[in-house]
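Here's the structure, in structure tokens; my notes come after.
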Amino acid sequence: MNLKKLVRPNIWELTPYSSARHEFEGQADVLLDANENPMETGLNRYPDPLQRSLKALIAKEKKVEEDSIFLGNGSDEAIDILMRIFCRPGEDAIMTFPPTYGMYQVSADIADVAVLSCPLSEDFQPVIERVEERLTSNTKMLFICSPNNPTGNLISNPAIEGLLQRFEGIIVIDEAYIDFSSSESWTNRLSAFPRLVVLQTFSKAWGLAGIRLGMAFAHPNIIRLMNAVKPPYNVNQLTQRRAIEVLRDHSEQTKEVIALLVKERQRLTTSLKALASVVKIYPSDANFLLVRFKDHQMVFDALKQQGVIVRDRSNALGCRDCLRITVGTPAENDLVVKIIKALT
Ligand SMILES: *Cc1c(COP(=O)(O)O)cnc(C)c1O
């Protein structure tokens, strides 16, 4: 892999920030190198910039090597960092597959990176011939979201393999919802594809959106660049501590919650399907449903009236008259069905 050809020259040449403590190897008991307060508060020390204890647990959980893991302040930070490693402002481009997650566009806009878009087909799969038509020599990254937000479906393996074989840049697969899916993660294929980056997060299945912890999995050469570009202490001590506790002590419980939500997804689908105002429910491998209504505005307003907020996706490409409804608790799902049923 010729990574150098893909990386912005200033990033390739970058000397990253480094702290005295982390250059020091061996046992140190007196830490007077970082101007911290010496009085113990439980949080008076800077956190480990490379989050090694946490990564050891993630490596075990995800069956990947520790040097293939990057951790960030949400996966949104990973998206932003990838943009700044590979895309020269005002020159390079990324490609997205709408309708999809909005952050790729926002992050590209902030970085002054052009966004080429290649609409998904009617059943929300990439069209390989269209991709080839639209790619330019300055297109550095493709962002594929699977299961896709807001449509809920997985992007097919043959489509992704086709892209991995044909596209010579970085392919990012955003798997924020993979734990709700029956499909395997692309992390299992990292060794075969050195230009693949897989994103996952603690915000959805792990129930930890509040701690802001995202993961990127990739070849160690890409991870090294991400670590060089990130702010030194991007994952704070409270976040690292909480994630360690959850991975160590509550991973079984998390799996039970995921199973419950997947069951609720099915139950909500069945209940909504029976309602006259529902036109279509798209198949979902995530913890939400994309639902087309006869009159989505009326449904949206009725839900809002009763204090239930869902996402109006009716303006997204191919999603006319659609609302995106997150799978809630059994009681919340019952309430949604009851409110919509009363309209018909
Ligand atoms: C929710 C979501 C994320 C999560 O972002 P965090 O910054 O980790 O909270 C990432 N990608 C997609 C597609 C999402 O829907």
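Of all the C-alpha pairs in the stretch 157-300, what % are more than 18 Å from each other?
Everything past 18 Å amounts to 68 percent.
So, with +1 on the Cβ of K and R and -1 on the Cβ of D and E, and no other charges, what is the size of the charge dipole of the stretch 44-187 about its Cα centre, to the nearest 20 debye?
Dipole about the Cα centre, nearest 20: 360 debye.
With N residues in the stretch 106-146, what two-decimal value do you get for its Cα radius of gyration over 2.2 N^0.38 Å?
The stretch 106-146 yields a ratio of 1.25.
Please report, in whole Å³, the volume per residue of the convex hull around the C-alpha atoms of the stretch 66-128.
Roughly 114 Å³ of hull volume per residue.
How big is the chain by Rg and Dmax over its Cα atoms, in Å?
21.8, 71
Between beta-carbons, use under 12 Å as the cut-off and find the net charge around D112, counting Lys and Arg +1, Asp and Glu -1.
Local net charge: -1.
Given the alpha-carbon gyration tensor of the stretch 286-344, what are the semi-axes of its equivalent ellipsoid in whole angstrom, ordered largest first, with each equal to the square root of 5 times an eigenvalue?
Working through the eigenvalues yields semi-axes of 18, 14, 9 Å.
Grab every C-alpha pair in the stretch 38-81, bin the distances at 5 angstrom width from 0 up to the longest one, and report whole percents.
Whole-percent P(r) values from 0 Å outward: 5, 18, 20, 21, 17, 10, 7, 2.
Loop-only chymotrypsin sites (Phe, Trp or Tyr not before Pro) in the stretch 16-101, please: DSSP not H, G, I, E or B, and at most 13 other Cβ atoms within 10 Å.
For chymotrypsin sites (Phe, Trp or Tyr not before Pro) across the stretch 16-101 that sit outside H, G, I, E and B with at most 13 neighbouring Cβ atoms in 10 Å, the list reads Y17, F24.
Using a Gaussian network model of the chain with C-alpha springs under 10 Å, which one of G318, G214, G307 is most mobile by mean-square fluctuation?
Comparing G318, G214, G307 in a Gaussian network model of the chain, the most mobile one is G307.
What does the charge dipole of the chain about its Cα centre add up to, to the nearest 20 debye, if the Cβ of each Lys and Arg holds +1 and the Cβ of each Asp and Glu holds -1?
I would put it at about 780 debye.
Once you list every other residue whose beta carbon is under 14 Å from the beta carbon of L343, what net charge do they have if Lys and Arg are +1 and Asp and Glu are -1?
It works out to a net charge of +2.
To the nearest 20 debye, what charge dipole does the stretch 214-322 have about its Cα centre, counting +1 at the Cβ of each Lys and Arg and -1 at the Cβ of each Asp and Glu?
180 debye
Quick one: Cα convex hull volume of the stretch 1-156, Å³ per residue?
In the stretch 1-156, the Cα hull volume divided by residue count equals 186 Å³.
Report, to one decimal in Å, the Kirkwood hydrodynamic radius for the stretch 119-216 based on all distinct Cα pairs.
Every distinct Cα pair counted, the radius reaches 14.3 Å.
For the stretch 210-270, report the convex hull volume of the alpha-carbon atoms normalised per residue, in Å³, without decimals.
It is 134 Å³ per residue.
So which cysteines in the chain don't have a second cysteine's C-beta under 4.7 Å from them?
So far as the 4.7 Å Cβ criterion goes, C87, C118, C145 stand without a partner in the chain.
Just list whichever of K63/K255; K62/K204; K5/K63; K5/K204 have alpha carbons separated by over 26 Å in the model shown.
With Cα atoms farther than 26 Å apart: K5/K63; K5/K204.
Counting only C-alpha contacts under 8 Å and six or more residues apart, can you give the relative contact order of the stretch 1-72 as a whole percent?
So the answer I get is 15 percent.
Values quoted throughout were computed directly from the atomic coordinates according to the rules given, and no laboratory measurement underlies them. Remember, predicted model here, so these are calculated numbers, not experimental data. All Cβ positions, even for glycine, are placed from backbone atoms using ideal geometry, and neighbour counts span all protein chains on display.
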